[in-house]
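The values are calculated or read from the model by the stated rules, or taken from the named source; none is laboratory data. Since we're looking at a predicted model, the values are computed, not measured. Note that each Cβ is placed from the backbone with ideal geometry, even for glycine, and that neighbours are counted across all protein chains shown. Surface accessibility is based on the protein's heavy atoms, side chains included, excluding ligands, DNA and RNA. Shrake-Rupley method; radii C 1.70, N 1.55, O 1.52, S 1.80 Å.
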Protein chains: 2
Amino acid sequence: MKIYRVTFLPEEKSIEVKEGSTIAEAAHRADLFINNLCGGEGVCGACRVKVIKGKAGADEHTAAVFSQKEIAKGFVLACQTEIHGNLEIEIPPESRLEEEQIMTGENTSLKGPEVSFLPFKPIVRKIFVELPQPSLEDNITDIERMSRELRRKIGWHSYEISLNCLQNLSDNLRDHDWKVTATVVKDKDLYRIQKIEPLNTTTRNYGMAIDVGTTTVVAQLIDLRRGKVLGVDGIHNMQAQYGEDVILRMIYACDKNGLHLLHQAIIKNINSLVETLAGRNNISPEEINAIVAAGNTTMSHFLLCLTPCSIRLEPYVPTADIYPQIPAKEIGIRISPQGILETVPSVASYVGGDIVAGVMSCGIADHSEVRGLIDIGTNGEIAIGNNEWLVCCSASAGPAFEGGGTRCGMRATKGAIEKLEILDGKPKYQTIGNASPRGVCGSGLIDCIYALVKNRIIGSDGKFNREIGDAGLIFEDGVPQYIIAHPDETETGDPIVITEPDIDNLIKSKGAVFAAIKSLVDYIGLSFDQLESFYVAGGFGNYLNINNAIAIGLLPDIPQEKIKFIGNSSLTGARMALLSEKAYEKCLTISKSMTNIELSNYQPFMDAYVAALFLPHTDRKLFPSIDY
Amino acid sequence: MKIYRVTFLPEEKSIEVKEGSTIAEAAHRADLFINNLCGGEGVCGACRVKVIKGKAGADEHTAAVFSQKEIAKGFVLACQTEIHGNLEIEIPPESRLEEEQIMTGENTSLKGPEVSFLPFKPIVRKIFVELPQPSLEDNITDIERMSRELRRKIGWHSYEISLNCLQNLSDNLRDHDWKVTATVVKDKDLYRIQKIEPLNTTTRNYGMAIDVGTTTVVAQLIDLRRGKVLGVDGIHNMQAQYGEDVILRMIYACDKNGLHLLHQAIIKNINSLVETLAGRNNISPEEINAIVAAGNTTMSHFLLCLTPCSIRLEPYVPTADIYPQIPAKEIGIRISPQGILETVPSVASYVGGDIVAGVMSCGIADHSEVRGLIDIGTNGEIAIGNNEWLVCCSASAGPAFEGGGTRCGMRATKGAIEKLEILDGKPKYQTIGNASPRGVCGSGLIDCIYALVKNRIIGSDGKFNREIGDAGLIFEDGVPQYIIAHPDETETGDPIVITEPDIDNLIKSKGAVFAAIKSLVDYIGLSFDQLESFYVAGGFGNYLNINNAIAIGLLPDIPQEKIKFIGNSSLTGARMALLSEKAYEKCLTISKSMTNIELSNYQPFMDAYVAALFLPHTDRKLFPSIDY
């Protein structure tokens, strides 16, 4: 394979690429982003660049899009032109993509080779067309005239159109001088004309990406024309009133006939997020044309009002793993009357669309190197693989890392202690928003456990070292506990403590997560050091001390730089699927190709779990770098 | 190309076929019809036949469907097994198709080589499945389990499913011992699961074929399991109150804002036909799962409430020629809540789905020989072509052949004189239903003109020969007219007459039709005798005297046996499209490939029209066989 050097002007940024790569791919690798309306199909001409030095042949697309004069000047289509020699390329300003359109993960460290190039091609696009008026020589039907122009502009060849659009088409065209805007939506293998509006309305096209979490529902409002995130908001999942976790909610839905209530709760959540985010940005909910939602399998079932009852019972069978794209109004979501809801596909009963979106968002399925993702919430879901295979599993971690099940635990919101160390025998902490502390969130709890074991206040079994005589260690009703924040520091005036039972819970949680990772790696026949990267997602807030997570035995002991905390990868993936058809297609491929390993009856997992109920682990050889 | 002889038992019917034909095709050519559930995809096993003599290899499909024992006995799949030698085949009783399922035209003379083999595969099928219960080893989702079984049974690979079906799937399966019936509908390139019902409901699956005519709406109720026509009914198009013909109705729709009224009128028509036909056959309208409707372009627009306003104005542009398949309830048609309406695609403003259905139904596009179809109503639409090209045109014929525009004209219903000759100076007629005469329908008028000119009561210019002194010729208010039925014979007690202005109108009508045929044939560069067959469709009732139609110059003077009256070919085509996916696909292909010649500004048509205003024609050389 030959390697060539491409230099982009005016930045003079150079990059080496393999022979046969396109100029667009080279630019992407150089972190320079080029405009693209047709999604790389070589028909829109928006990605024109100028060849300054070197040879890059004018192909059929170039000839169709550019004039002879432009071709003579060296203009080519970046998406169509392959590299077969060293090149110097100028990217003219009109071909530059606004930064917001760049399709990468939430975390900028993910930009680059880990996520393959994803063309900006939202699931719902608005296309303005000016049609030539019909004549006796050209009297094809209105819809054929419309789609002929759409073919020219965005290069798709077959379409579906709703009756409603057709009914208004004739008047829309003739009353507005043959200038209309078509809203085009991609649904699995086909395109549908969703709406036809008079004149040019392309500047107003919005979408929402939603992570439907068991505890929290988080949404981003997106400008689909520019790919820009306009706002983000999160609220408690209102289903909590019917049960704290998915199991309780399934029981409520199935044994107490409560499916509709649970369904309506999540719809209320979404409508509330729509209103808030639309209101804040001065747009009408009716201008939102698409929602992409990702959630675990149970949440996806509740969202679509599908019976979830067989999910929790052996043999753990969901109703569906690939969900139909539906008109959002069909389930009472109040956006555009023609707006659609796309739900990211799941893998199995306990590995949902949130994981599929996460795996897609960090590019695990894009490369030959083996990478892993763990999403830590009430469940820990793990996926490991590369561009040839993907394996996943899920283990119940309990609510400890989300702030449940411990005396002073809380979610990663304002006032939560998210960072902690013990210096000179005294705890030093940092809270979210620098507010007075109200509790400890997941990342704070991890830091806390590490600080306690490191300072020998607790032993490797998680029990307090009763002889140490640390001033922070007190007993209340015989329960040993460590004071993290004294009453005079906290918002409520109550002390914030971590108790021995809390630590016990946390060890069980981290044990389950680690055992799941270990079982999966063993199942594949890998060792930890064969992982190229390991991504950690979850509701830890903005911060996770990777070192400490390794030190308590939650994450495997691999070089710290290989582990990357990526925040809410479900939301990131949903947004990417909203902004790039290709990203949604990848989700579909991932969901179909991922093999789920059922841990519930898997003896090696049970054994690994018991072995992991220790800090960092009963087998110290697994944690060679840990020195406490 | 080698030819082999295949003999079918027990009939001992023999036929010669080309090498490589399938046994199913050979049987079809021998007028023996073989069962077929999967539409020839080799997966259902319903077309098993036994090879008695000769060799026919067991292919992969055969091996998958039959046991070793059956293969040893000589069983093969008729749809998959190619013929490469002389064969003797036994068709066992279970593989025989009930006669009603045979996919041929209305008129039995169309059976045979003119219509290619169309597998019986209704647009909506019910498939009963018994699913294996899930286990830990086989815990795919409910919908995947369902579609796996459907793949096995009917061999289709991807599907869409409505949210509503998904929502009930889990309970439907688990409450009924994993036995359910899926209603599967074909929509353009994809299959959709339309409905899932508990247990086996395959015996109840109905559809309707509708010819939406400007004057009359005719419907057939079809048993989709057996392909049997259960009943037929026709009613006046209720739109008549808003205008007699399509032009007046378009004006009402567009200039008087009456589109919704016209739309609702046709929906009322359809609902009334649904109720009548369902009621008569003791089925519930909710058991009707599909309607296929064919009509002219304007009627199709009214049916779907599409703006028809640009159809009648130059450059004659319809909103659409290919119509979306829609849920019937979307436009208020009361059949199954999940039932669909498919509208046969059109070609141009004045060549609609009725002609496309007609061309398909008589197999014009199936063969290399050139054939023609004329559908005579208020408009005369003509299509000519073969399996490589199709050309069509339309001419306004006026209402004469449908019983309008003449003093005593009427539609082809009870009491209409449909047949007439003048014997010994006296008119002898036959009425529909042998009732007392009430008027004269199209076929009767043609006979009448011929009888008058043949007996020299009128001249070739259509004027009465005032000197002849025929007893039937009278003058009323100076208008010469001929008495067909005297007052004592008729239902009303008024005489039935044909006037000189009536004759003038009829000559204009036949002139327009003939001129259109002539212009089209000339345009293609053919002569009439190059036409292999010429099909005549239209509302003439059950009868049309082809000889007389030629003799008055309505139809070209080609050997009578080449001209076939085929009745309502629009209805036949709609029924075929309902009963065979392939037939609908053919309609789509025909609509896309047919070239429309616009006659309204076409000088050769004008010239041909003027030349045709004579009996039989100003150019006698065009009618060499006519001797009056």
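Peptide B:132-140 has a mean of 4 when you count, residue by residue, the C-beta atoms of other protein chains within 10 Å of its C-beta. Simple spin-label estimate for residue A:226 and residue A:82 gives 3.8 nm between the two label positions (7 Å along the Cα-to-Cβ direction from each Cα).
The convex hull around the C-alpha trace of the stretch A:371-456, projected and averaged over every direction, spans 7.1 square nanometres. Both radii come from the Cα set of the stretch A:448-542: Rg as radius of gyration, Rh as Kirkwood radius; their ratio Rg/Rh reads 1.09.
Its alpha carbons give the stretch A:283-385 an Rg and a Dmax of 15.4, 46 Å. Summarising the overall dimensions of the stretch A:338-394 from its C-alpha atoms, the Rg and Dmax are 12.2, 42 angstrom.
How far is helix B:500-524 tilted, in degrees, relative to the longest principal axis of the Cα atoms in chain B, given as a value from 0 to 90 rounded to the nearest 10? Tilt relative to chain B: about 50 degrees.
Between residue B:151 and residue B:313, full extension at 0.36 nm per residue minus the direct alpha carbon distance yields a gain of 53.4 nm. Can you give me the C-alpha center-to-center distance between the stretch A:594-628 and the stretch B:315-381, rounded to a whole angstrom? For the stretch A:594-628 versus the stretch B:315-381, the Cα centre distance is 67 Å.
Ligands, DNA and RNA left out, the accessible area of the stretch B:209-341 computed with a 1.4 Å probe is 50% carbon and sulfur. Note on residue A:136 and residue A:268: with the Förster distance fixed at 60 Å, the Cβ-Cβ geometry gives a FRET efficiency of about 0.60.
Can you divide the C-alpha Rg of the stretch A:137-216 by 2.2 N^0.38 Å and report the result to two decimal places? Don't skip to the answer; put the middle values down first.
Numbers: Rg = 15.4 Å, N = 80, 2.2 N^0.38 = 11.6 Å.
Against the empirical 2.2 N^0.38 Å value, I get 1.32 for the stretch A:137-216.
Between copies, the label points of residue B:241, set 7 Å from Cα on the Cα→Cβ line, lie 5.1 nm apart, reported in increasing order to one decimal in nanometres. The protein assembly as shown gives an Rg/Rh value of 1.07, both radii derived from C-alpha positions and Rh following Kirkwood. Entry note, chain B: relative contact order of 12 percent, from Cα contacts under 8 Å with a spacing of 6+ residues.
What Kirkwood hydrodynamic radius do you get for the stretch A:396-439 when you take the inverse of the mean 1/r over all pairs of distinct Cα atoms, in Å? Mind showing how you got there, number by number?
On the way: mean 1/r = 0.0900 Å⁻¹.
Kirkwood radius, the stretch A:396-439: 11.1 Å.
Each peptide in B:317-330, B:562-575, B:359-372 was scored by the mean count of other Cβ atoms within 10 Å over its residues; highest first, the order is B:562-575, B:359-372, B:317-330. Each distinct pair of alpha carbons in the stretch B:500-616 adds a 1/r term; the inverse of their mean, the Kirkwood radius, is 16.0 Å.
Which order do the peptides B:20-33, A:427-440 take when ranked by the mean count of other beta-carbon atoms within 10 Å per residue, highest first?
Values: B:20-33: 21.1, A:427-440: 18.4.
With the highest mean Cβ count within 10 Å placed first, the list reads B:20-33, A:427-440.
Between the helical axis of A:569-579 and the longest alpha-carbon principal axis of chain A there is an angle of about 10 degrees.
Ignoring ligands, DNA and RNA, please state the percent of accessible area on the stretch B:424-533 from carbon and sulfur, probe 1.4 Å.
Working: 2020 of 4750 Å².
Here it works out to 42 percent.
A label point on residue A:367, set 7 Å along the Cα-to-Cβ line, lies at 6.6 nm from each of its counterparts in the other copies, closest listed first.
For residue A:174 and residue B:73, the FRET efficiency from 1/(1 + (r/R0)^6), where r spans their Cβ atoms and R0 equals 60 Å, is about 0.30.
Could you report the buried accessible area between A and B, both sides summed, computed with a 1.4 Å probe and given in Å² to the nearest 100?
The A and B chains share an interface burying roughly 3000 Å².
Under the definition of partner shielding as Cβ atoms of other protein chains within 10 Å of a residue Cβ, what is the mean value for peptide B:180-192?
Going residue by residue through B:180-192 and averaging, the value is 1.
Can you work out the PRE-style zone for residue B:2? Point 7 Å along Cα to Cβ, and I want the residues of the stretch B:53-97 with backbone N under 14 Å. Correct set: B:54-57, B:82-87.
Rounded to whole Å and ordered largest first, report the semi-axes of the equivalent ellipsoid of the stretch A:544-597 derived from its Cα gyration tensor (root of 5λ). Could the numbers behind the result be given before it?
On the way: eigenvalues 170, 45, 15 Å².
So the three semi-axes of the stretch A:544-597 are 29, 15, 9 Å.
Amide H contacts of residue B:187: B:192, each under 5 Å away and 5 or more positions distant or on a separate chain (H built 1.01 Å from N in the peptide plane; Pro and chain starts excluded).
Within 10 Å of each Cβ in peptide B:165-178, how many partner chain Cβ atoms are there on average? Round it to a whole number, please.
Details: counts 1, 10, 9, 3, 4, 12, 3, 1, 4, 4, 0, 0, 0, 0.
Per residue, the number of nearby Cβ atoms from other chains is 4 on average.
In this simple spin-label approximation, residue B:386 and residue B:128 carry label points 7 Å from Cα along the Cα→Cβ vector, and these lie 4.8 nm apart. Distances between equivalent label points of residue B:525 across the copies, with each point positioned 7 Å along Cα→Cβ, amount to 7.0 nm, shortest listed first. FRET efficiency for the residue B:522 to residue A:201 pair, using the beta carbon distance and R₀ = 45 Å, is estimated at 0.35. A Cβ-based charge dipole, computed about the Cα centre of the stretch A:503-595 with Lys and Arg at +1 and Asp and Glu at -1, lands at about 240 debye. The stretch between residue B:275 and residue B:465 holds 63.1 nm of extra length on full extension. This uses 0.36 nm per residue minus the Cα-Cα distance.
Hey, what did the stretch A:299-433 get for relative contact order, percent, Cα under 8 Å, at least 6 apart?
This gives 12 percent for the stretch A:299-433.
Global dimensions of the stretch A:556-628 from alpha-carbon coordinates: Rg and Dmax equal 18.0, 49 Å. Modelled spin-label separation between residue B:29 and residue B:63, with each label point placed 7 Å from Cα along the Cα-to-Cβ direction: 2.9 nm. At a probe radius of 1.4 angstrom, the accessible area of chain B per residue rounds to 38 square angstrom.
A dipole drawn for chain B from +1 and -1 charges on Cβ atoms has a positive end, and of B:243, B:566, B:556 the residue lying farthest that way is B:566. The long axis of helix B:442-454 is offset from the longest Cα principal axis of chain B by roughly 40 degrees.
Return the Rg/Rh value of chain B, two decimal places, where both radii are evaluated on C-alpha atoms and Rh is the Kirkwood radius.
On the way: Rg = 27.0 Å, Rh = 26.4 Å.
Here the Rg-to-Rh quotient is 1.02.
Beta-bridge orientation, chain A: approximately 70 percent antiparallel, per DSSP, counting only bridges with both partners inside.
Given a cut-off of under 8 Å on Cα pairs at least six residues apart, what relative contact order in percent is computed for the stretch A:390-512? Mind showing how you got there, number by number?
Numbers: 221 pairs, mean separation 31.4, N = 123.
Computed over the stretch A:390-512, the figure is 25 percent.
Peptide packing for B:450-461, B:499-510, B:480-491 was compared via the average number of neighbouring C-beta atoms within 10 Å per residue; ordered from the highest value, the list is B:499-510, B:450-461, B:480-491.
Mind checking the dipole of chain B: about its Cα centre, +1 per Lys or Arg Cβ, -1 per Asp or Glu Cβ, Debye to the nearest 20? If you can, show how the numbers build up before the last one.
Details: 61 positive and 79 negative charges, 194 e Å.
Dipole of chain B, to the nearest 20 debye: 940 debye.
Over the protein assembly as shown, what is the percentage of antiparallel beta bridges among all DSSP beta bridges, to the nearest 5? Show your work: numbers first, answer last.
Working: 152 of 224 bridges.
Expressed as a percentage, antiparallel bridges in the protein assembly as shown total about 70.
Helical runs assigned H by DSSP (4 residues or longer) give chain A a calculated mean residue ellipticity at 222 nm of -8500 deg cm²/dmol, each run adding -39500 (n - 2.57) before division by the residue total. The largest-to-smallest principal axis extents of the Cα set in the stretch B:242-337 are 48, 26, 18 Å.
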